[in-house]
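> Have a look at the structure that comes next, please.
The values are calculated or read from the model by the stated rules, or taken from the named source; none is laboratory data. Nothing here was measured: the structure is a model prediction, and the numbers come from that model. Every residue, glycine as well, gets a Cβ built from its backbone with ideal geometry; the counts of neighbours run over all protein chains shown.
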Amino acid sequence: MTDGIDEYRFLEEEALKLGCEEVRIIPADQVIVENRVRLKCMVGCPTYGKNLRCPPNTPNVEEFRKMLSEYSYAMLLKIKRPEIPADDMYQYFSFYNDKINILLELEKVAFKEGYNFTTSFFAGSCKLCEECNVDGDCINPIKARYSMESMGINVHKTADNAGMELKFDTVNYPPSISLVALLLID
Ligand code: SF4
């Protein structure tokens with residue numbers, strides 16, 4: 001009989017098997033949500049209004065707070081990013097397409113164990129398509145996930161609280177930081 005965090009060890013093991021660099025299971029109330037994160041989406045982010053999984057095409061921060069309150073646990077994942085030249089967007093898009101499969105697989109594993117409300121979020125805008133079909137419907141609704149930031153999640157503070165160290169490269173783009181993703185489990 002397992003309880004609390006231990007109940008989700010099978011997902012942690014699966015995430016590591018699928019290639020995640022680091023995994024933390026945390027109580028869902030340790031996911032930090034702040035209105036100012038959404039403000040940063042609105043001011044200066046090039047994908048604001050240009051991606052169907054970014055604001056304003058997302059639940060608002062208050063709606064997400066309510067959704068989050070219905071979950072007990074979350075899993076934070078760190079995914080190692082290979083060195084990708086700043087001008088090689090093709091490689092970057094293909095990396096994103098590949099890694100989102102980790103999240104989808106984890107959702108599937110959780111679902112099979114009866115946690116059928118498990119859902120995931122990736123850091124940054126959806127990059128499944130080279131150009132988002134922003135004036136129409138999502139081309140890949142089964143795979144596309146909202147970005148963590150668009151929900152108002154303060155990724156750094158949440159990772160800090162979970163004891164996960166993140167490095168932030170402010171010189172290169174795309175930055176050579178590890179990518180972070182989140183699963184809400186239930
Ligand atoms: S899958 Fe394509 S159309 Fe859908 S949100 Fe992502 S980039 Fe946009």
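> Would it be correct to say that residue 45 is modelled with pLDDT under 95, crowded, with 18+ Cβ neighbours inside 10 Å and not aliphatic (A, V, I, L, M)?
yes
Here is a yes/no grid of residues against (1) surrounded by 19 or more Cβ atoms within 10 Å (Cβ to Cβ); (2) over 29 Å from residue 66 (Cβ atoms); (3) at pLDDT 90 or above:
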position: 82; (1), (2), (3): no, yes, no
position: 90; (1), (2), (3): no, yes, no
position: 95; (1), (2), (3): no, yes, no
position: 132; (1), (2), (3): yes, no, yes
position: 143; (1), (2), (3): no, no, yes
position: 160; (1), (2), (3): no, no, yes
position: 167; (1), (2), (3): no, yes, no
position: 172; (1), (2), (3): no, yes, no
position: 182; (1), (2), (3): yes, no, yes
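> Enumerate the pairs (first residue in region 122-138 and over 30 Å from residue 20 (Cα atoms) and more than 8 Å from the ligand (Cβ to nearest atom); second residue anywhere and at pLDDT 95 or above and assigned to a loop (DSSP other than H, G, I, E, B)) with beta-carbon separation below 6 Å, excluding pairs fewer than 6 apart on the same chain, so at least 6 apart or on different chains.
From region 122-138, no pairs qualify.
> Do any helices (runs of 4 or more DSSP H) entirely within region 24-113 hold 1 or more residues that are within 16 Å of the ligand (Cβ to nearest atom), and if so, which?
35-42, 89-112
> Return the total of residues in region 103-117 being closer than 28 Å to residue 45 by Cα and crowded, with 20+ Cβ neighbours inside 10 Å.
Total meeting the criteria: 1.
> Could you run through region 139-151 and say how many residues are aliphatic (A, V, I, L, M) and within 11 Å of the ligand (Cβ to nearest atom)?
Residues flagged as aliphatic (A, V, I, L, M) and within 11 Å of the ligand (Cβ to nearest atom) within region 139-151 amount to 3.
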